[in-house]
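The values are calculated or read from the model by the stated rules, or taken from the named source; none is laboratory data. Predicted model only: the values in this text are computed from it and were never measured. All Cβ positions, even for glycine, are placed from backbone atoms using ideal geometry, and neighbour counts span all protein chains on display. Surface accessibility is based on the protein's heavy atoms, side chains included, excluding ligands, DNA and RNA. Shrake-Rupley method; radii C 1.70, N 1.55, O 1.52, S 1.80 Å.
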Amino acid sequence: MLLVIVRLPWAGDLGMHAATVQRLRHSLLHPGNPLVDADTPSPYYSPWMLLLGCVAKLSGLSVFVVLRIAAVVGLGLFATGVWRYVRTLSAHRAAPAVALLSLLFLWGTTLFNWSGFVGLNSLALTVAYPSVFALGLSFHFWAWLTRAVRDGAGWGVWLGLGVLWSLILLSHQFTGVVASLGALATVVAARPGRAVLLRLGAALVLGLAVLWLWPYYDFFSLFSAGADLEAIHRPLYDNLAGRFGLVLLGVAALALRWRRDRWDPLALFFVLGALMFAAGGLSGHYSWGRALPAALIPAQLAAALEVAAAGARSVRVAWACVLGAALAVGAWTQVGTVGYVVHRGALPSVVASKYHTPWVGYHWITPWVKYGDVVMATTYPSRQIPAYGPYTVAPGYPDIFLPDEPARDTAVRSYFDAKTPAAARRDILRRYDVHWVVAGRSAAQPWLKKVTSGPANQVLYRVLP
């Protein structure tokens, strides 16, 4: 993973996070929308991204170097967080290592990548994302909370837990939901007394106050997210057996844990996560599917912990063999990940066939397109171009804080529609103060001057006065 970070393969939302750091490095107090030239808040302006923006501003390092630093920190938090949390569940010295292997490889026979899901291939593509940072913090949060309810911690510890909970929610809202479900399971399993409940209540109040006071966006307005968010998450409910079939081994382990202890925290954690995921699918709130790690993580950990569970040695050895076979299948599914650190030509053909080439990026436009310039482009390039400092006419991702997003999307579609009259296209360019157009060779117009060519027959055009 450290070698992956050196390369930092680009796919998915990396451009959004790079653009967020770009805006913060230029203005910490009023960064504006990260993707389009508009003065709106954004849920991407989290405490973690604010810190990265400060690092970029003070150090002068490029955004992608700062994201590599973020990836190292996130990876470190994840590894140490798993170690600390597993230590609260088992004293066996091998438990943390086996747990980490289960989290990375106990998935399915179909490759699955999504922010907040830490299979090895998904982690390779999202390691610089705030979701990895937030999940690493979540494991530390659960470990700290487990010890607090067991040992009767004082007020200071509980207030610190409240602040940490709010930081996780602000840094990555979906992972914050997973962290909250894990925390609820931990508290319920401990069946705390009145004194602990009072301190827990104070921690919740402080955490909610931090969420309410955060100045960069209104956290509670996220509950009114529109239909676009649901449509994006609908694929989370597809091909569950192929993507997560190996996790059934962990579900069996959870059943064994539940038989031994009806208040087992991992079993309760799994039930809460599975119920929320199922409720999202049944109600059409598909964004609730992002709570699925709340079911996957406890199952993966339970599968690992059964290797170190009490009981007959022969049973543990048999379980270890079954788990080892499942991990081998999961690792083979994700073996293409090595392509991110080994040149594809050096890979065996069967491995190379599993490797997915990352995005090329739009660095080729940067000698001409400057910070703050507006670029007309379709969705795919609009997810990458703002990473280098320019804006696009329409955001590459849904934005509930951008009131004119529908109008911007319509403008982009109209501009690239061959049936749109020339005068209407010129009007769109003037309306959004567009300086550049990124499109194919067939997009040439009298008011456009070709500047350079890029990959996949793309062309950068300058908009003439």
May I ask you to say which residue of HIS343, HIS356 is modelled with pLDDT under 95, more than 24 Å from TRP107 (Cβ to Cβ) and open to solvent by 10 Å² or more (accessible area, probe 1.4 Å)? HIS343
List pairs: first residue in the range 239-256 and open to solvent by 40 Å² or more (accessible area, probe 1.4 Å), second residue assigned to a helix (DSSP H, G or I) anywhere in the structure, Cβ distance under 7 angstrom, at least six positions apart or on different chains. VAL251/ALA299; LEU256/GLU306
Given PRO9, PRO47, which one is modelled with pLDDT under 95 and more than 25 Å from LYS370 (Cβ to Cβ)? PRO9
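So which residues in the range 427-450 are within 20 Å of SER382 (Cα to Cα) and open to solvent by 40 Å² or more (accessible area, probe 1.4 Å), if there are any at all?
ARG430, ARG431, ASP433, HIS435, ARG441, SER442, ALA444, LYS450
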Residue by residue through the range 246-287, note down the ones that are under 22 Å from GLY330 (Cα atoms) and aromatic (Phe, Trp, Tyr). PHE270
Go through (1) within 19 Å of ILE385 (Cβ to Cβ); (2) open to solvent by 40 Å² or more (accessible area, probe 1.4 Å); (3) at pLDDT 95 or above for ALA456 and report which single condition fails. (3)
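Just to check your reading of the model, which residue among LEU100, LEU77 is within 20 Å of the chain's Cα centre (by Cα), more than 24 Å from PHE244 (Cα to Cα) and open to solvent by 30 Å² or more (accessible area, probe 1.4 Å)?
Values: LEU100 fails: more than 24 Å from PHE244 (Cα to Cα).
One residue alone meets the criteria, LEU77.
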In the range 1-49, what residues are surrounded by 20 or more Cβ atoms within 10 Å (Cβ to Cβ), of a type in the set (S, T, N, Q) and part of a loop (DSSP other than H, G, I, E, B)? ASN33, SER42, SER46
Please verify whether ALA394 is crowded, with 21+ Cβ neighbours inside 10 Å and under 30 Å from GLY339 (Cβ atoms), treating the condition exactly as stated. no
Selected residue (only one of VAL157, VAL177 is within 19 Å of GLY81 (Cα to Cα), surrounded by fewer than 18 Cβ atoms within 10 Å (Cβ to Cβ) and modelled with pLDDT of 95 or more): VAL157
What pairs come out if I take residues in the range 29-49 that are touching a residue at least 12 places away in the same chain (Cβ under 8 Å) and within 16 Å of ASP13 (Cα to Cα) and pair them with residues that are among the aliphatic types (A, V, I, L, M) and open to solvent by 20 Å² or more (accessible area, probe 1.4 Å) whose C-beta lies under 7 Å away, six or more apart or interchain? PRO43/LEU222
Would you pick out the residues in the range 216-236 that are farther than 17 Å from LEU402 by Cα and out of contact with any Phe, Trp or Tyr (no Cβ under 7 Å at 6 or more places or on another chain)? ALA231, ILE232, PRO235
Looking at GLY53 and the list (1) without any contact (Cβ under 8 Å) to a residue 60 or more places away in the chain; (2) open to solvent by 10 Å² or more (accessible area, probe 1.4 Å); (3) under 28 Å from HIS435 (Cα atoms), which single condition is not satisfied? (2)
Being surrounded by 14 or more Cβ atoms within 10 Å (Cβ to Cβ), touching a residue at least 24 places away in the same chain (Cβ under 8 Å) and part of a helix (DSSP H, G or I) is the requirement here; does ARG199 meet it? yes
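Helices (runs of 4 or more DSSP H) wholly in the range 376-463 with at least 3 residues that are farther than 30 Å from SER42 by Cα, more than 23 Å from the chain's Cα centre (by Cα) and touching a residue at least 60 places away in the same chain (Cβ under 8 Å) - which ones?
Working: elements: 379-382, 405-415, 422-431.
Per the criteria, no element qualifies.
Here is a yes/no grid of residues against (1) assigned to a helix (DSSP H, G or I); (2) in contact with a strand residue (DSSP E or B) (Cβ under 6 Å, 6 or more places away or on another chain); (3) touching a residue at least 60 places away in the same chain (Cβ under 8 Å):
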| position | (1), (2), (3) |
| --- | --- |
| SER314 | yes, no, no |
| ALA318 | yes, no, no |
| ALA325 | yes, no, no |
| GLY330 | yes, no, yes |
| GLY336 | yes, no, yes |
| GLY361 | no, no, yes |
| TRP364 | yes, no, yes |
| VAL369 | no, yes, yes |
